[in-house]
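Novice: I have a structure here, written as structure tokens, and I will follow up with some questions on it.
Nothing in this text is a laboratory measurement; each read-out follows from the coordinates by a stated rule. Fair warning: this is a prediction, and the values are worked out from it, not measured in the lab. With ideal geometry, Cβ positions are generated from the backbone for all residues, glycine too; neighbour counts draw on all protein chains shown.
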Amino acid sequence: MQTITPYKPLALAVLLALSAGASQAQSKGKPTAAEAHRFLEQTEAKFDKLNVDSARADWVGSNFITDDTEAIAAYFGELQLDASGKAALAARRFNGLKLPEADARKLKLLQLSLMLSDPKERADYAAARAALNGAYGKAKYCPPDGRTCMPLGELEKVLANSRDPARLQDAWSGWHAQAPAYKQRYADFVTLSNKGAREMGYADTGAMWRSAYDMPPGAFAAEMERLWQQVKPLYDSLHTYARHKLRAQYGADVVPATGPIPAHLFGNMWSQTWDNIYPILKPAGAGSSFDLSKVLEERKTSAKQMTEYAEGFYTSLGMQKLPATFWERSLLTKPRDRDVVCHASAWPIDGKDDVRIKMCINPTAEDFTVIHHELGHVYYFLEYKDQPVLFRNGANDGFHEAIGDTVALSITPGYLKKIGLMTEDPDPKGDIAELLKRALSKVAILPFAYSVDKWRWDVYAGKTQPADYDKTWWQTREQYMNVKRPAPLQANGFDAGAKYHVAADVPYARYFLADLLQFQFHRALCREAGYTGPLHQCSIYGNEKAGKKLQAMLQMGTSKPWPEELKAISGEDRIDGNALLEYFAPLKAWLDEQNKVLAAAQKG
Ligand code: X8Z
Ligand code: ZN
């Protein structure tokens, strides 16, 4: 259920549990600045305790999925919803009042919350949320031919490693066949969520989500489209190149010459990152390039060691070692004997030092990056823990998602050599290969990260009804990603629900923003470190000057509007695709050249 994990919707506001503070704020007479301040103080004091209880309930609910833990998580979710809704309403009393900047900001943040005044609706909302989280975590594909049932992790391995289109399609369809079981629940949840958003004066939940970026919701939607148009040409070049290579691999019957490409061929369940098909896409003539997964596997790198590598990066920047409780309380490997939500997440349990991650770590290059991503959240928690409760969050949710990825951009061959994970010298001619590998995650994800909420905004706005969930999901994916469903639409299907963030109701625009922001941060930190070479070769490992700059931003939490925080670290006050385009410029030129040659060869 709702936790203070940063990747959950409007975490802070929804969490704000308050009762006495709310009733005091409704006192008679003209509101005053002093009263607003008192109200906020009381509110924040209460959160400290209430947040811990609910975070623990959520933690247990996701780590041991049973009917009881689901009920406990739902119970606390309901309490939170009640309390945060009341606090949000109470905060309205002070709107329009002249207040110190910090208080005004806190009151604004408080109002980014759902409010369901009907207790039954509140209970239903919380129960649906907990049930959806559990249903996703428990889902398994049990093939009709009697093979053993496969959880998501195993199906993902098939998608990553098999080159047999029939097997790929079986794993893909097997997973996507699980979500219809919770489609009705999701549709009911959307209705309730919208009611809650409307009680707070938002048009719908999507509009509330878009209001969390220090600008009006319409302006935010326009920003997303502007940014997408900025980076689209690079995606198109990568997609065209991928088509040539996939056709060569699978043949013209499987991969069409034009139009969308079947989604099961990209090495990933949602075709959101394409790293796993690098062996198919690698530049002709590129040697057997360095394979980090192979090294990690051969060395039997444990989940703890993987985490220590990531910790080592952050401490090299001058940050503290992880607290002992992190190691005692985190879940780093998939338990054999019970269901857990394996989707990686980071948890600020008490707003102070009790920080944890929950991740089923495997010794692969992909998880090596994901663990740096998760520790980015954890270090953000640790750095802003001295902020007032209401400011303990990312500048916006895209910032929270970008920190670990910024650090992971510094995992260069040079860095791997330095820490002994790579024994050979980095190949000076391997630049394009390295850039291509990076693009397979960072460029490939852009239209996916945009389309998830493009779809969801319409669902929340009522423009897409449950009967059309799949129709519009695939229209959106075809339009932006240029991929298609590998099989005809199923009656009453729910393909969007096969993605964690839809089932768990976590907004997704944050990953789109993060994908751009991380290159802005990387460029700024490399400059801070005095680096002047090509961006893709820069690693800030061991550079305390860059570390200080990063830390200063992390420590601000969400105390200032995000453009100010962006300016402080990068000198820019807009999120922009320019740094990403600069990073990949040599690859773009190479892709366009390849595409010309490959197209000519196809004709000839
Ligand atoms: O969900 C995540 C993180 C946890 S916040 C592992 N990510 C998105 C996804 O997996 O879909 C990271 C990038 C995109
Ligand atoms: Zn994350």
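Novice: Amide H of Asp339 versus every other amide H placed in the peptide plane: which residues, excluding those fewer than 5 positions away on the same chain, fall under 5 Å?
Specialist: Amide H neighbours of Asp339, under 5 Å, 5+ apart: Ile65.
Novice: Sticking with this one: Only counting other Cβ atoms within 10 Å, I'd like Met553, Met200 sorted with the fewest neighbours first.
Specialist: By the 10 Å Cβ count, ascending, the order reads Met200, Met553.
Novice: Right, here's the next one. Can you tell me what percent of all Cα-Cα pairs in the range 375-479 are more than 24 Å apart?
Specialist: Summing the P(r) of the range 375-479 above 24 Å gives 54 percent of all pairs.
Novice: Still on this structure, I have one more. Per residue of the chain, what 222 nm ellipticity follows from adding -39500 (n - 2.57) for every DSSP H run with n ≥ 4, rounded to the nearest 500?
Specialist: So the helix-based figure for the chain works out to -19000 deg cm²/dmol.
Novice: Applying the Karplus parametrisation 6.51 cos²θ - 1.76 cosθ + 1.60 with θ = phi - 60° to the phi angles of the range 195-207, what ³J(HN,Hα) value in whole Hz is obtained for each residue in order, glycine and proline being reported as x?
Specialist: With coefficients 6.51, -1.76 and 1.60, one gets 4, x, 5, 5, 4, 8, x, 8, 5, 5, 5, x, 5 Hz.
Novice: Using amide H atoms built in the peptide plane, which far-off residues or other-chain residues are under 5 Å from Leu332 H to H?
Specialist: It is Met359, by chain and number.
Novice: Pick out, from Gly153, Leu132, Ser117, the residue whose Cα sits farthest towards the positive end of the charge dipole of the range 25-182, with +1 on the Cβ of Lys and Arg and -1 on the Cβ of Asp and Glu.
Specialist: Of the candidates, Ser117 comes out farthest on the positive side.
Novice: Under 8 Å for C-alpha pairs, at least 6 residues apart: give me the relative contact order for the range 325-383, rounded to a whole percent.
Specialist: Over the range 325-383, the number comes to 36 percent.
Novice: Looking at the range 476-604, how many pairs of lysines come closer than 18 Å at the Cα, when each pair is eight or more places apart or spans two chains?
Specialist: Lysine pairs meeting both conditions in the range 476-604 amount to 6.
Novice: Amide H to amide H under 5 Å from Arg356: which residues, 5+ apart in sequence or cross-chain, H placed 1.01 Å off N in plane?
Specialist: Trp347, Ile349
Novice: Translational diffusion coefficient of the chain at 37 °C, 0.692 mPa s, Stokes-Einstein with Kirkwood Rh over Cα pairs, in µm²/s as a whole number.
Specialist: Roughly 132 µm²/s, to the nearest whole number.
Novice: Another question, if that's okay. Semi-axes of the equivalent ellipsoid of the range 201-266: what are they in whole Å, largest first, if each equals the square root of 5 times a C-alpha gyration tensor eigenvalue?
Specialist: Semi-axes, largest first: 37, 14, 8 Å.
Novice: Please compute the length gained on full extension between Ala601 and Asp291, using 0.36 nm multiplied by the number of residues separating them and subtracting their Cα-Cα distance.
Specialist: Additional length available on full extension: 108.6 nm.
Novice: Report Rg(Cα)/(2.2 N^0.38 Å) for the range 141-278, keeping two decimals.
Specialist: 1.38
Novice: Still on this structure, please answer the following. In the range 82-152, if every C-alpha pair distance is counted and binned at 5 Å from zero, what percent goes to each bin?
Specialist: Here the calculated profile for the range 82-152 is 3, 14, 15, 12, 11, 9, 9, 8, 6, 5, 3, 3, 2, 0.
Novice: Between the range 495-545 and the range 38-95, what's the alpha-carbon centroid distance in Å?
Specialist: 30 Å
Novice: With 21 Å as the cut-off, how large is the P(r) tail for the range 202-336, expressed as percent of Cα-Cα pairs?
Specialist: Distances greater than 21 Å cover 69 percent of the Cα pairs.
Novice: Can you tell me, using C-alpha contacts under 8 Å and at least 6 residues apart, the relative contact order of the range 53-175 as a whole percent?
Specialist: The normalised contact order for the range 53-175 reaches 24 percent.
Novice: Next question. Tell me the net charge near Leu591. Cut-off is 15 Å between Cβ atoms, Leu591 excluded, with +1 for each Lys or Arg and -1 for each Asp or Glu.
Specialist: +4
Novice: Could you compute the net charge surrounding Met200? Neighbours are other residues with a C-beta less than 13 Å from the C-beta of Met200; K and R count +1, D and E count -1.
Specialist: +3
Novice: For the range 147-160, just list the computed ³J(HN,Hα) in residue order, Karplus coefficients 6.51, -1.76 and 1.60, θ = phi - 60°, integers in Hz, with x standing in for Gly and Pro.
Specialist: Result, rounded to whole Hz: 4, 5, 5, 10, x, 3, x, 6, 5, 5, 5, 4, 4, 6.
Novice: Assuming R0 = 30 Å, can you tell me the calculated FRET efficiency for the pair Lys429 and Thr532, based on Cβ-Cβ distance, to the nearest 0.05?
Specialist: For R0 = 30 Å, the calculated efficiency reads 0.90.
Novice: Could you name the aspartates and glutamates whose alpha carbon sits less than 17 Å from that of Lys300, not counting residues in the same chain fewer than 8 places away?
Specialist: Lys300 reaches Asp291, Glu308, Glu366, Asp367.
Novice: Across the range 462-475, in residue order, what do the Karplus-derived ³J(HN,Hα) couplings come to in whole Hz, using 6.51 cos²θ - 1.76 cosθ + 1.60 with θ = phi - 60° and x for Gly and Pro?
Specialist: So the J values, rounded to whole Hz, are x, 6, 10, 8, x, 4, 10, 3, 5, 4, 6, 4, 7, 4.
Novice: Moving on to the next point. Going through the range 388-434, which trypsin sites (Lys or Arg not before Pro) have at most 16 other Cβ atoms within 10 Å and a DSSP loop state?
Specialist: Here the trypsin sites (Lys or Arg not before Pro) that fit, given the DSSP loop and packing criteria, are Lys429.
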